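The values are calculated or read from the model by the stated rules, or taken from the named source; none is laboratory data. Bear in mind that the values here come from a model prediction, so they are computed numbers and not experimental data. All Cβ positions, even for glycine, are placed from backbone atoms using ideal geometry, and neighbour counts span all protein chains on display.
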Amino acid sequence: MNLSYLKRGTDAMKELENPVMSGGSSGKILRFYLKKDQSALLTFLDGSLLPMSETNGELVFDVPGTYEHSFMHEGVVADFICTLESEGRCPLCDERKYRFYNLFFTAIDHRKNVSKQGKVFEYNKRIVAVNRDAYKMLLKFLDERIDPQLGFVGLQMQAEKVKAKSSMIGDFFKFRGYVDLDQLKAQGMDVEPLDFSKVLVYRNCETLEKMGFGKVQAGTFQNTPYENVDDSSELMPLDDDTIPF
């Protein structure tokens, strides 16, 4: 499989710092998100730091990243990996759909939720997609608390969303300390980090065009739907037929 779209470590961080934004759905693993006035406790399972001797003293997390398009599709918010870097063109860019560079972390969401079918979801593994603005907010609240030997691995934080038009992962973060992941494993929690080369679904240009994308549009880029999510909108991956809320 061509994984050229997926960068890691220093290469991923360089893209995250790129201020230019233009114009993959995540299989069966739901992404972490908060609605306004919601909060959640998260425990990170990955996100170790590269040695600062190799990064000029900068915090560089050893996590993957890629450009994505996020927009409403068939009634839900869907995330599609941009194909521009890997294939030289992108049907979604042709439609002037915004794209963002996201870093991807794995975390346990400690909230207990009950689905419409009555199924209880608790201690669920989630994809935490962090764009440039969210990354700056995370460092603003957590920078001095981050253990250089651990990075985000085992870090617990309380995430809260105060403003409606803010990052999907929240805009206020409180450090809760570090936990031993082996202890969580002994309690029955799945603490294995996600393999994002398998979790993030890549649809090539041909597949996107068969889905009806690729009509060239003139004008400004379309906004991301995460800015205006309310209780009537469900953020879930395309192709997922369950929702734990």
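Looking at segment 126-133, is at least one residue touching a strand residue (DSSP E or B) at 6+ places or on another chain (Cβ under 6 Å), basic (Lys, Arg) and surrounded by fewer than 19 Cβ atoms within 10 Å (Cβ to Cβ)? Checking segment 126-133: not a single residue is touching a strand residue (DSSP E or B) at 6+ places or on another chain (Cβ under 6 Å), basic (Lys, Arg) and surrounded by fewer than 19 Cβ atoms within 10 Å (Cβ to Cβ).
For segment 183-193, a residue qualifies if it is buried (at least 17 other Cβ atoms within 10 Å of the Cβ) and either over 20 Å from LEU150 (Cα atoms) or at pLDDT 95 or above (or both), and the qualifying residues are LEU184, VAL191, PRO193. Count of segment 142-170 residues, restricted to those that are within 21 Å of VAL63 (Cα to Cα) and buried (at least 17 other Cβ atoms within 10 Å of the Cβ), is 13. In segment 131-182, which residues are in a helix (DSSP H, G or I), closer than 20 Å to TYR33 by Cα and either at pLDDT 95 or above or not small (Gly, Ala, Ser) (or both)? Once the filter is applied, which keeps residues that are in a helix (DSSP H, G or I), closer than 20 Å to TYR33 by Cα and either at pLDDT 95 or above or not small (Gly, Ala, Ser) (or both), segment 131-182 yields ARG132, ASP133, TYR135, LYS136, MET137, LEU138, LEU139, LYS140, PHE141, LEU142.
The residue that is surrounded by the fewest Cβ atoms within 10 Å (Cβ to Cβ), counting only those in segment 76-93 that are part of a strand (DSSP E or B) and hydrophobic (A, V, I, L, M, F, W, C), is VAL76.
Would you say LEU3 is modelled with pLDDT under 90, within 15 Å of PHE196 (Cα to Cα) and surrounded by fewer than 17 Cβ atoms within 10 Å (Cβ to Cβ)? For LEU3, the condition - modelled with pLDDT under 90, within 15 Å of PHE196 (Cα to Cα) and surrounded by fewer than 17 Cβ atoms within 10 Å (Cβ to Cβ) - is met.
Restricting segment 46-75 to residues that are charged (D, E, K, R) and closer than 30 Å to ARG96 by Cβ, the residue that is surrounded by the most Cβ atoms within 10 Å (Cβ to Cβ) is GLU68. Restricting segment 194-229 to residues that are among the basic types (Lys, Arg) and part of a loop (DSSP other than H, G, I, E, B), the residue that is modelled with the lowest pLDDT is LYS215. For segment 9-39, a residue qualifies if it is surrounded by fewer than 20 Cβ atoms within 10 Å (Cβ to Cβ), under 22 Å from PRO193 (Cβ atoms) and at pLDDT 65 or above, and the qualifying residues are GLY9, THR10, ASP11, ILE29. Being part of a loop (DSSP other than H, G, I, E, B), of a type in the set (A, V, I, L, M, F, W, C) and within 19 Å of VAL191 (Cβ to Cβ) is the filter here; which residues of segment 31-52 pass it? Passing the criteria: PHE32, LEU45. Considering the conditions (1) touching a Pro at 6+ places or on another chain (Cβ under 6 Å); (2) part of a strand (DSSP E or B), ARG126 is excluded by exactly one of them, (1).
Take LYS116 and tell me if it is touching an Asp or Glu at 6+ places or on another chain (Cβ under 8 Å) and exposed (fewer than 14 other Cβ atoms within 10 Å of the Cβ). When the stated conditions are applied, LYS116 does not pass them.
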